[in-house]
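Participant: There's a structure below that I have some questions on.
Nothing in this text is a laboratory measurement; each read-out follows from the coordinates by a stated rule. Remember, it's a predicted structure, so these values are computed and weren't measured experimentally. For neighbour counting, all protein chains shown are included, and Cβ atoms are generated from backbone atoms with ideal geometry for every residue, glycine included.
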Amino acid sequence: MSRKLKGIAAAPGIAIAPLVHFHGTLDSIPTWKVAPEGVASEGRRLDEAVAEVGRSILALRKELADALSNHDVRIYDAQVSILHDPTFRADVVREVEQQGCNLEVALQRVVARYEAVFQNMADASMRERAADVRDVGRQLVAALMAKDRSKYTANGRDYLFAADEFLPSDAGILDRKHLRGIVTAHGGKYSHGAILARSLGIPAVVGVDDVMSKASSGTTVVLDGDSGQVVIDPAPDELAHYQQRLLEQKSVDLRVAEVRFQPAVTLDGSEVSLYANVEGVRDLEKLETDAIAGIGLFRTEFAFMERRQFPTEEEQVAMYRRAMQGSRGKPVTFRTLDVGGDKPLGYFRTPEERNPVLGWRGLRLCLDWPDILYTQLRAILRASALGHARILLPMVTTRSEVVRCRQVLDQILEDLRSSGVPFDPKIELGIMVEIPVIVPVLPEILPLVDFVSVGTNDLVQYLLAVDRDNQRVAKMYDPFHPGVLRVLHQIVRAANAAKKPVSICGEIAGDHHFTPILLGMGYRELSMAPVFVPRVKLTLRSFSVDECRTLASTAIALESTTAVRKLVGEEVRDRWARFLQAAPGDAAT
C-alpha cells in the first residue's frame with residue numbers, strides 16, 4: 001500500500017527511482033588519552049587533516065564550477081574559511097590540552113558547541129553555518145581516521161538519495177549521472193544542500209521527518225519537488241500518473257532549450273520583459289544577455305560582504321561600470337545596500353537584536369548612516385554614464401524615507417553637474433515593496449518614484465508571519481496563499497493606476513506555476529535567477545493574456561492554498577501537455 005509523506009519543496013521536478021539510504025556519520029570514533037607532551041603532535045595531525053580536507057573542498061569546488069552560479073560556488077568558499085579559521089583551530093587544540101583527549105574526540109566536542117551556538121542565532125544566514133561546521137568537522141574526522149568517503153557508483157542504475165541531510169560535501173561522493181532526486185529528514189528550502197540541488201537541477205524534498213524509517217533502501221519512491229510530496233511504494237495508477245508527468249517534464253526540458261533565445265511573448269503576442277537577478281559582476285560572465293531584457297536586480301550587498309572594509313567610491317564605480325558593460329546596453333537595476341538581518345557585514349558591527357529580520361537593516365541602516373548611502377548613490381550615478389542604470393531602494397516603510405532619498409539624490413546630481421562629471425540625467429529611482437504596511441499607502445508614494453519592484457521573499461514572509469528558514473514552520477511558507485495573491489493584485493493595480501512600471505523580483509518570479517497568475521494580475525516585468533528564465537518563457541508562450549486573467553481571477557477567489565496549487569498545477573500541466581503535442585509551426589513553438 002502506498003504511503004504519502006509531506007515535506008518542503010526544495011528543488012522542482014519529478015523523480016521516480018529506488019531509494020538509497022546514506023549515513024553521514026562514521027561507525028565509531030577512536031578514543032584515547034593524550035598526555036601533555038602529546039598535544040603538539042595532535043596539533044600537527046590537525047594541520048595535516050586541514051590541508052587534506054582543504055584540497056578536497058577546492059577540488060570539488062572546481063568540479064562543480066561550471067554547473068553552479070558564482071554565488072552558489074561560494075558555499076565551498078565558506079567551508080574553506082571555517083577550515084582555516086585560527087579561532088577554530090585554537091579551540092580544538094585547547095580541547096585536546098584541557099581534556100586530555102585525542103583529536104577526533106576534541107573535534108566532535110568543539111563542532112557540537114559551534115553548532116549549538118549557530119543554531120540558536122536569530123540570523124538565518126548564521127544558523128545555516130551550523131551545517132557547514134558540521135560538514136567540515138565530519139570531513140576532518142574522516143581524514144584523521146584515513147577513511148576516504150568512497151564515491152557511490154549506483155552500478156549504472158538510477159536512484160534517490162535519502163539521508164538526514166544533504167551537505168555540500170555529499171555532492172562529491174554521489175554518482176550525479178544517475179542521481180534522480182534528493183529527500184532528507186532535515187534542512188530547509190534555503191539550506192546550502194537545497195541551494196545546490198536547485199543549481200544542479202536535481203528535484204529535492206527536505207524536512208521529511210520520518211522518511212528514513214518509513215522507506216527502506218531499495219523501495220520505489222516518487223519524489224515531487226513541485227509540491228513537496230514523497231510517495232512510497234506508489235500504487236499502479238499513482239505510478240502511471242507520475243510517469244506521465246515525468247515524460248512531460250523531459251519533453252518540457254527539451255523545449256526549454258529551444259525557446260531560450262525566442263521572444264518572451266504570450267500566445268496572443270503580448271510582450272513580457274524577463275530580467276535576471278545577479279549577485280555581482282562575476283555572475284555576468286555566464287549570463288546569456290541575449291535571452292533577457294536586462295538586469296532586474298543587482299544585489300550590491302554581496303560586493304560589500306566579500307570585503308574586509310567598506311568599498312571606496314572609486315571601487316564601487318569600477319564595479320558598477322563593469323556591470324553596465326556586462327549588460328551590453330540593457331538596463332541594470334542596482335539595489336542599494338541591503339545588509340543586516342540575514343546578511344551581516346563582518347566589519348560593521350551592529351547591535352545584537354532579538355529579531356534581526358525586523359530590525360536595523362536595509363534602507364533604515366543607510367539613512368542612519370547617510371555617508372554609506374551618499375557614497376553608493378554617487379558611485380551608481382557616475383557609472384550610469386555608460387548606459388541605462390536604475391536605483392532601487394530596499395525595505396521602504398514610509399513616504400518620508402523616499403523623500404529623504406530623493407533629497408540626497410538631487411544633491412548628488414547637482415554636485416556632479418557643477419563638477420562636470422558625466423552621468424545619466426534620466427536615471428530612475430524605484431522602491432521595493434516588501435513590507436506589508438507599504439501596500440495601502442502606495443498611491444501616496446508612487447508620485448515620488450519612477451518604478452516599483454515587489455520583493456516577494458520578504459513580503460510573503462511578513463504577510464504569513466513565517467520564518468522560511470525555520471524548519472518547524474517553513475512548510476507554512478507558501479506564496480500561493482489566497483491572501484498573498486490578493487496583496488500582489490492590490491500592488492499591481494495601484495502601480496498601473498499611477499502608470500508606473502511594476503516588476504516582481506522575488507523567488508515567485510522564477511516559479512513557472514506562478515507565471516500565468518502574475519500575467520493575469522497585470523505584471524509584465526519579472527526578474528529571476530537566470531536558470532529559471534527559459535522555463536518561465538516557455539510557460540508564458542503557452543497562455544494568452546485572457547486565459548491568464550481568467551486563471552488569476554479564479555485563483556484569487558479561492559479559499560485555500562491547496563485549492564490554488566491544485567488549480568494552477570493542473571492548468572499548467574494540461575497546457576504544456578497540449579502544446580508539446582503541437583506541430584513545430586504552431587504558436588507555442
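Participant: Can you give me the Kirkwood hydrodynamic radius for region 409-542, using every pair of distinct Cα atoms, in Å to one decimal?
Facilitator: On the way: mean 1/r = 0.0609 Å⁻¹.
Averaging 1/r across every pair of different Cα atoms and inverting gives 16.4 Å.
Participant: Over region 36-144, what is the mean sequence separation of C-alpha contacts under 8 Å (at least six apart), divided by residue count, expressed as relative contact order in percent?
Facilitator: On the way: 83 pairs, mean separation 34.7, N = 109.
So the answer I get is 32 percent.
Participant: Then there is this: How many percent of Cα pairs in region 379-478 exceed 19 Å?
Facilitator: Numbers: 2611 of 4950 pairs.
Counting pairs separated by more than 19 Å, the tail of P(r) holds 53 percent.
Participant: Kirkwood Rh and Cα-based Rg: tell me the resulting Rg over Rh for region 513-557, rounded to two decimals.
Facilitator: Details: Rg = 10.4 Å, Rh = 10.7 Å.
Reported Rg/Rh, Kirkwood definition of Rh: 0.98.
Participant: Checking the cross-link filter: which lysines have an alpha carbon closer than 22 Å to that of LYS62, excluding same-chain neighbours under 8 positions apart?
Facilitator: LYS151, LYS177, LYS286
Participant: Now for a separate question. Quick one: if the Förster radius is 25 Å, what FRET efficiency do THR31 and LYS62 give, using the C-beta to C-beta distance and rounding to 0.05? Present the calculation step by step, with values, prior to reporting the outcome.
Facilitator: Working: r = 36 Å, r/R0 = 1.43.
So the FRET efficiency works out to roughly 0.10.
Participant: Let me ask something else. Give me the mean projected area, in nm² to one decimal, of the convex hull enclosing the Cα positions of region 36-144.
Facilitator: On the way: hull surface 27.4 nm².
Taking the Cα atoms of region 36-144, their convex hull projects to 6.9 nm² on average.
Participant: What residues have an amide H closer than 5 Å to that of CYS101, excluding those fewer than 5 places away on the same chain, when H is modeled at 1.01 Å from N in the peptide plane?
Facilitator: Result for CYS101 returns VAL34.
Participant: I need the peptides 109-116, 73-80, 417-424, 448-455 ranked by packing, meaning the mean over residues of other C-beta atoms within 10 angstrom, with the highest value on top.
Facilitator: On the way: 109-116: 16.9, 73-80: 19.8, 417-424: 11.9, 448-455: 21.5.
Final packing ranking: 448-455, 73-80, 109-116, 417-424.
Participant: Still on this structure: Rounded, prolate or oblate: pick one for region 380-426, where a ≥ b ≥ c are the square roots of the eigenvalues of its C-alpha gyration tensor, a/c under 1.5 means rounded, and failing that, prolate if a/b is larger than b/c, else oblate. Don't skip to the end; give the middle numbers.
Facilitator: Working: a/c = 3.71, a/b = 1.64, b/c = 2.26.
It comes out oblate by the Cα gyration axes.
Participant: Right, next: If you take all C-alpha pairs in region 170-280, what percent of them are over 17 Å apart? Don't skip to the answer; put the middle values down first.
Facilitator: Numbers: 4098 of 6105 pairs.
Pairs farther apart than 17 Å: 67 percent.
Participant: Of the GluC sites (Glu not before Pro) in region 487-575, which ones lie in a loop per DSSP and count no more than 10 other C-beta atoms within 10 Å? Could you put the intermediate results ahead of the total?
Facilitator: Numbers: sites: GLU507, GLU525, GLU547, GLU559, GLU570, GLU571; in loops: GLU559.
Within region 487-575, the qualifying GluC sites (Glu not before Pro) (loop, at most 10 other Cβ atoms within 10 Å) are GLU559.
Participant: How far is the Cα center of region 55-106 from the Cα center of region 471-514, in Å?
Facilitator: 39 Å
Participant: Now for a different question. Of all beta bridges DSSP finds with both residues in the chain, what is the antiparallel percent, to the nearest 5? Write down the numbers at each step before the final one.
Facilitator: Values: 19 of 56 bridges.
Rounded to the nearest five, the antiparallel share is 35 percent.
Participant: Divide by every residue of the chain the summed helix terms, -39500 (n - 2.57) for each DSSP H run of at least 4, and state the resulting mean residue ellipticity at 222 nm, rounded to the nearest 500 deg cm²/dmol. Could the numbers behind the result be given before it?
Facilitator: Details: 20 runs with 267 residues, N = 589.
When only DSSP H runs of four or more count, the value is -14500 deg cm²/dmol.
Participant: Working out 0.36 nm times the residue gap between ASN120 and LEU413, then minus their Cα-Cα distance, what length gain in nm do you get to one decimal?
Facilitator: Details: separation 293, 0.36 × 293 = 105.48 nm, distance 4.53 nm.
Taking ASN120 through LEU413 to full extension adds about 100.9 nm, to one decimal.
Participant: What ranking do TRP576, TRP32 get, fewest neighbouring Cβ atoms within 10 angstrom at the top? Please report the intermediate quantities before stating the final value.
Facilitator: Details: TRP576 20, TRP32 10.
Listed from fewest to most nearby Cβ atoms, that is TRP32, TRP576.
Participant: List the aspartates and glutamates whose Cα sits under 13 Å from the Cα of LYS33, skipping any in the same chain fewer than 8 residues away.
Facilitator: Straight-line reach from LYS33, under 13 Å: GLU42, GLU95, GLU97, GLU104.
Participant: Can you tell me, using C-alpha contacts under 8 Å and at least 6 residues apart, the relative contact order of the chain as a whole percent?
Facilitator: On the way: 1069 pairs, mean separation 85.1, N = 589.
Relative contact order, the chain: 14 percent.
Participant: Further question: For a quick check: sort TYR477, TYR462 by the number of other beta carbons within 10 angstrom, fewest at the front.
Facilitator: Working: TYR477 20, TYR462 15.
Exposure proxy ranking, most exposed first: TYR462, TYR477.
Participant: Still on this structure: For SER553 and MET476, compute 0.36 nm times the residue count separating them, minus their Cα-Cα distance, and round to one decimal in nm. Please report the intermediate quantities before stating the final value.
Facilitator: On the way: separation 77, 0.36 × 77 = 27.72 nm, distance 2.33 nm.
Result for the pair: 25.4 nm of gain on full extension.
Participant: Can you pull the Rg over Rh of region 91-220, Cα-only, Kirkwood? Don't jump to the answer; show the numbers that get you there.
Facilitator: Details: Rg = 16.5 Å, Rh = 16.3 Å.
Rg/Rh for region 91-220 comes to 1.01.
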